[in-house]
Structures are given as structure tokens and as C-alpha cells.
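Okay, structure first, notes after.
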Amino acid sequence: MIIYWYLGHIVRSGHILQEPYIVVRDHVVFDVDRQGWDLGIHPNMPVEEIKWHYPQAKWIPWRSEDYQQTYNHLSSWLEQHTISYRLEDVREGYWQQSEIRYDEWRQLIKELVPRWALRIRMGISIHPLLSRWISLYGEKYPQWVERWQEDAQIAYVLPSQNTERMWEEIPLKWFSHLPVRTIQEWKRRGWEKVGDVPYVHQFLQEQKNSFSLAFHKSREPIRVTMGFEEPLQQGFLELIRYLAEKVGETLQKNHQGSRYFRIIWQDDQGIEVRERKWPLPTQNIQQVVTRFLSLVLRLPSAYLERVTLEAHHPEALNSDQLMWWASVPAHHTEMVHGLSPISRRDQLLQYWDPWRRTVAGKN
């Protein structure tokens, strides 16, 4: 099962805000307290549109450091308790586990609340896109979706036997990789959801195959170490580049990627550690080198005795695992063209009228 979650009234790393409040980022809601959540104010709503619904709330500017500690704790918890996971940011993410019962879910909620948030909304199904969809709109389908509730925390659960029916309810605009022209053409034909599309079973199979949860539990870190008989006094950045390339080569050889990199060095002052976790894994050697170099913008003191580079939690990568989180291969677009034929006139006009170029002409 894939669990999609969304958190509200998130525990902040620095201090507790005095309620009522709304955390604002780029003129939209980033987070809101319990009262605002219960009033229907959720993240990504434009603040100008909702300020009259919650006029007493104080607007607090978003700062990434306010949530970094909670993000780190959530990442650690997911690595220990799930089969695979994806944490979009501190507010939302996905994780996979073999099965979950109502009593297990209740226990889960008690573990998460109030430890990291005071409001949680979830969707549970066999597919990440369906889980996200029912977390938002599950209440519209009581005939197919179960509702689990523990105090103010809610989860919508889609039994596997109702999966095919729910797929047909997904709006076509949710498939963000489809060309805008295709969506517009389908809309002119009156097709707005998956169930409206001819050859829907072929379309669905393509979409299901293009979504995968590619983030696995942690494994032993990849580690490269170099010590010196005489303390190293210069050439430190060149050494980091060399060792980072070795780490990248190992990742590629193992068909793995990593998002968590660490440098440990020992000098005459002791041991120092610098580390960072990136949102996406990489096995690209140049990216690996760049990430390690970003950890040493401030150079250590002279007289280094030993340096260790580590890539933690290596994740198995292959050609199709990251489609869900990245782009969709070109052959998917070819299938879409088969469902939205272009007229003979448009095919001819596209060669001289730039406004009539088809999506195929852009590729």
C-alpha cells in the first residue's frame, strides 16, 4: 500500500508560535494552525483569497530553518519504519508498506501527533497518484472509499477491488506530463477525466507504468578514506574532487544513487564532520563531486591527517524508477498522439505556421 500524507500545524524547530497564525511563503499558505486547518484553510491557498475567512490570524513569513529539524526527524522515522518513501518537503510525502489495518493506523497517528504535527490528512491505496487524489476528494466517493478517523486526523482508504473505478475519476489535468495542446483538444471533445478517454485501458496502463516509488530504505554507506603519513597542508580541494569521483564511480557501478553526503576529516585540532541531505538522489559523477565540494566552502585548518567521504543510504536506480518524480519517456507521448489524432490540414500547416506546430514538432 502507498500512503500519502499531508501535515498541518507542523512542529517548528525554533519556537512555538502564538495562535492563531498562518505561515506564508510566496503569497500562499505554507502552514496553518489547528483552528485555521479546521476552517478549511490548507497549504497552497493564496493568502489574499483566504484572509477574510481567518482575519484574526497573524501572518508569519516562512523560513526553511524553522522546519529543518522536523524534516530530519521525519526522514529518519521513514527510513526506519517503511519499505520505501518519498518526502516532498516537511509537509507532505509518500511511503510504502505491505499492509495497514485500522488499528495499526490509529497507533501510527498517536506516534506522529503531537510529536511532529497536530493535523494529518492521508490517502491510502495501491498507487501514489490515487492515494493523493483520495486524500483530497475521498469524501466524494463514500461508495468506494473508507474513512478512518482518530480525533481530527483523517485517512481515506481505497480497497483494491475499487481501484479501477477510481482511476476513471482522475481528472486528465492531473497527468502533468501530457502536452497542454492535448489536454485542450480533449477538453474541446468534452473529455475531462480518465473515464472519458477512448481506449481508456491502454491509456491507464501507460500511466500506471510511469509512476513508481523509487526510494528505498537505507543501506551501508559507500565510503572512501585516505590517510597521510605527513599531514596534508595544501591541495585539499583537488583531493576532495578525486575522492568524490571514486564515490560517484562506485554509485554508478552499483546502479545506485545517494542524496545524503558526508565529509569527515581529522586534523591537529581533532575530528570535524560536514554533511547535508539533498531532496533527490544522484549517481552522476559531476553532481556527486559538486555536492561534496559544496560541503567545504569553508576550508578546514591545515595539517590534515585523514579524510573520509561517505554517500549514505544508497538507493537502487534504474531507467524507469524515477519517472514518477521526473519526466516521462518520449514513447508515452507517442501513445497520447494516438488518442488525439491531428487533422490533415493541421499537419500541413504546421510546416509554415509556427503557431500550429504539434507537440511532436517540438521534440
Test: residue in the stretch 46-58 that is under 18 Å from S135 (Cα atoms) and within 24 Å of the chain's Cα centre (by Cα): no
Hits in the stretch 166-192 (condition: closer than 19 Å to S131 by Cβ and either touching a residue at least 24 places away in the same chain (Cβ under 8 Å) or in contact with a Gly (Cβ under 9 Å, 6 or more places away or on another chain) (or both)): M166, W167, E168, E169, I170, L172, W174, F175, H177
Qualifying positions in the stretch 172-212 - exposed (fewer than 13 other Cβ atoms within 10 Å of the Cβ), modelled with pLDDT under 75 and assigned to a loop (DSSP other than H, G, I, E, B): S176, Y199
The listed residue being under 28 Å from H73 (Cβ atoms), assigned by the TED database to the domain that holds H42, crowded, with 20+ Cβ neighbours inside 10 Å and not small (G, A, S), out of Q153, Q149, Q107: Q153
E169, sole failed condition from (1) surrounded by fewer than 19 Cβ atoms within 10 Å (Cβ to Cβ); (2) modelled with pLDDT under 90; (3) not assigned by the TED database to the domain that holds D31: (2)
Evaluation of R132 against (1) open to solvent by 30 Å² or more (accessible area, probe 1.4 Å); (2) farther than 17 Å from I2 by Cβ; (3) of a type outside the set (V, I, T) (one fails), failing number: (2)
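Of the residues R306, R274, which is basic (K, R), in contact (Cβ under 8 Å) with a residue 60 or more places away in the chain, in contact with a strand residue (DSSP E or B) (Cβ under 7 Å, 6 or more places away or on another chain) and outside any loop (DSSP other than H, G, I, E, B)? Show your work before the answer.
Working: R274 fails: in contact (Cβ under 8 Å) with a residue 60 or more places away in the chain.
It is R306.
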Matching strands (runs of 3 or more DSSP E) fully within the stretch 43-101 where at least 3 residues are open to solvent by less than 50 Å² (accessible area, probe 1.4 Å) and of a type outside the set (S, T, Y): 92-96
Matching residues, the stretch 213-253, being within 24 Å of P279 (Cα to Cα) and modelled with pLDDT under 75: L213, A214, F215, H216, K217, S218, R219, E220
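The values are calculated or read from the model by the stated rules, or taken from the named source; none is laboratory data. Just so you know, these numbers come straight off a predicted model, no measurement behind them. Methodologically, a virtual Cβ is constructed for each residue, glycine included, from the backbone with ideal geometry; neighbour enumeration extends over all protein chains shown. For the accessible areas, the whole protein counts, side chains as well, though only heavy atoms, and no ligand, DNA or RNA atoms are used. Shrake-Rupley method; radii C 1.70, N 1.55, O 1.52, S 1.80 Å.
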